[in-house]
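Rule-based calculations on the coordinates, nothing more; no lab input. The structure presented is a predicted model; accordingly, all values stated were derived computationally and were not measured. So basically every Cβ, Gly included, is an ideal-geometry build from the backbone, and we count neighbours across all protein chains shown.
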């Protein structure tokens, strides 16, 4: 028997529509309506400015550790291609996407300032909470896809993760399940080139991450992840394919973590400033601005007015967050959360803590009296 | 003797064991170039090179399973879980293989590996970065579960763990990492796994603790002594499993009263085992019920409520006082 090549259903393609200089490939331009283009721009600017603001708040000690998103704002094009009843299954660097899907900014601030209230899912929004254990949420995305298919809902699950996550077993198991059961789940890998200190080249020996999809007979497309038009086009294709029963798909968005892994990280230990500078030239926002100016959708005044609007929105969210913080929370609330119905053990333990807090307050009052 | 914090002490233990034995290999996420997210392995890549200080892809199960293979083949892997909250991915490999290989092969194949992981609360971290789940490992036959409380005990115990013929899970109290310095001898020092130590001598009551909770326990003891003349005897467990019950059961025979302190959830925690041993071995000497001062039976809340969850000096001192007044 001869050795023959086996025909696989897919090959890996790369999609780029708007280059780093803002030049558009006219043959691929999805020609999106002006309103959507401006909404995408606004969503990216909001993502950037909110991130910058959070970094300041973190450095001032007003919020704790968080994962900055700078450079990856074109992710909003994925959520822009989703329908209202679709599911977003994020990891922890999808704040702009979560906001696009209706998560209030004050909820983000609450989470990172140490309030469990920041995890409370807004009513009626199909967005899962942030998932910290890398890659683990991809399985939930596959399971949600199964549920949608079983119920005959025409909804799609979109799960986000990073390049590091593709090393985890959970990720491969999710891909396999999604493919075996042909569920409407879209896997979105934000390849930002760094998993803390480990570069993409040391994360996997594969030339691309997209090719991993081929092992599951799932289409895998590599996309310029800083090109908001390409991200939109690729997401729309994958999502509508999944919605119409075509099964799961995989997108590798090539982007860059311009900032820190988290605010506890020091990237100077492991990557060069030159590399960062190279990627700043490929900033997703500046090239999109150029494109919108060329289309006469943006001007200096318009850019300023959008920036001002976005700042006002951030300030308003910050105001709501501050009001919550000033009001304070009851520590006893924590016993309400683990179970639908509080077991007797926890009722007892809550009582213990209540007594402890009272005794502590009593002690403080006594000490104050003594001093008086 | 040089004074060092726990990060430096652990770094020294790793460096000295690697100098002594070329089968000792470090592996984990960001342990090389980055020096670990807490800088525990800082400088070791430069000294020993990338074959011995291995930056792995992001996969905890693989790190554990890969280490098992290395250990079976004669190496002495010391793998790191970046946070203990991410070690559940690795639980399967540790429970299903690392812990059982010796028993499965009737002693022919051992797995001399160490799995290090920072654990515990009090550092204002995100979810999965603050928990205390040592009993998962302690409940697994075949594993040893060690939690040092100070720089010096961390260094000595880690050396013993690396040389141990069986798998050791080594939890490092991250709240202690840079909290204080202690004299740590440059020359070799080990501390036997499976032995506790007396952290403070006293006659009125025995307080048993370990890890990050040892500090507030000692603080409570000193406050009670200064203000009320109460003399606590404090036992630092150091090894959770196999548990050394000799020191604390004997201590309780002397004091007649005991309190156990840990930050892990109360039910089915290490404190429950301590109480059971006391009932088994010192029951007739007990003059009061044994109190457990612990975290509550829920996931440690985010940092705004964290201090209400964790046992502090007030909660510990109150329990000691109430046990004495019983």
Highest-MSF residue in chain B out of B:213, B:113, B:101 [GNM, Cα springs under 10 Å]: B:101
Max mean-square fluctuation residue, GNM over chain A, Cα-Cα springs under 10 Å, options A:169, A:145, A:64: A:169
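Give me the Å³ per residue figure for the convex hull around the C-alpha atoms of chain B. Could you put the intermediate results ahead of the total?
Details: hull volume 40.9 nm³, N = 326.
Dividing the Cα hull volume of chain B by its residue count gives 125 Å³.
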For A:212, B:3, B:195, A:290, order by how many other beta-carbon atoms lie within 10 Å, fewest first: B:3, B:195, A:290, A:212
Rounded to 10°, Cα long-axis angle of helix A:344-371 versus longest principal axis of chain A: 50 degrees
Kirkwood Rh in Å, taken over segment B:3-183 so that all alpha-carbon pairs contribute: 16.0 Å
Degrees separating the helix B:246-255 axis from the principal Cα axis of chain B, which is the longest one: 10 degrees
Net length gained if the chain between residue A:7 and residue A:306 were fully extended (0.36 nm per residue, minus Cα distance): 102.6 nm
Per-residue [θ]222 nm for chain A (sum of -39500 (n - 2.57) over DSSP H runs n ≥ 4, rounded to 500): -14500 deg cm²/dmol
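Using a 10 Å cut-off on Cβ to Cβ distances, tally the other chain neighbours for every residue of B:301-311 and report the average as a whole number. Working shown, then result.
Values: counts 9, 12, 7, 12, 9, 3, 1, 9, 3, 0, 0.
Shielding by partners across B:301-311 averages 6.
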Fewest-first sequence of B:250, A:98 by Cβ atoms within 10 Å of each Cβ: B:250, A:98
Among A:105, A:334, A:148: highest mean-square fluctuation, GNM of chain A, C-alpha pairs under 10 Å: A:334
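Determine the shielding of peptide A:17-25 by partner chains: average, over its residues, the number of Cβ atoms on other chains within 10 angstrom of each Cβ. Walk me through the numbers on the way to the answer.
Values: counts 0, 0, 0, 0, 0, 0, 0, 0, 0.
Partner Cβ neighbours, averaged per residue: 0.
Using the 10 angstrom Cβ neighbour count as an exposure proxy, how do B:92, A:172, B:262 rank, fewest first? Spell out each step's value before the answer.
On the way: B:92 13, A:172 17, B:262 29.
The order, fewest Cβ neighbours first, is B:92, A:172, B:262.
Taking each residue of B:153-164 in turn, how many C-beta atoms of other protein chains fall within 10 Å of its C-beta, and what is the average? Kindly include the intermediate steps, with their values, before the conclusion.
Working: counts 0, 0, 0, 0, 0, 0, 0, 0, 0, 0, 0, 0.
Averaged over the peptide's residues, the number is 0.
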Principal-axis tilt of helix B:60-72 within chain B, Cα atoms, nearest 10 degrees: 70 degrees
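Round to the nearest 0.05 the FRET efficiency obtained for residue B:201 and residue B:180 when R0 = 22 Å and r is the Cβ-Cβ distance.
For R0 = 22 Å, the calculated efficiency reads 0.60.
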Ordering of A:18-26, B:299-307, A:78-86 by burial proxy (mean other Cβ atoms within 10 Å per residue, highest first): B:299-307, A:78-86, A:18-26
The protein assembly as shown, Rg to Rh (Cα coordinates; Rh as Kirkwood inverse mean 1/r): 1.00
Shape category assigned to segment A:13-326 from the gyration tensor of Cα positions, a/c cut at 1.5: rounded
Highest-first arrangement of B:59-67, A:295-303, B:168-176, where packing means the average Cβ count within 10 Å: B:168-176, B:59-67, A:295-303
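Using 0.36 nm per residue of separation minus the Cα-Cα distance, give me the extension gain between residue A:297 and residue A:35 in nm, one decimal. Intermediate results must be reported in sequence, preceding the final value.
Numbers: separation 262, 0.36 × 262 = 94.32 nm, distance 0.94 nm.
Length gained, residue A:297 through residue A:35: 93.4 nm.
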Per principal axis, descending, Cα span of segment A:68-136 in whole Å: 32, 29, 24
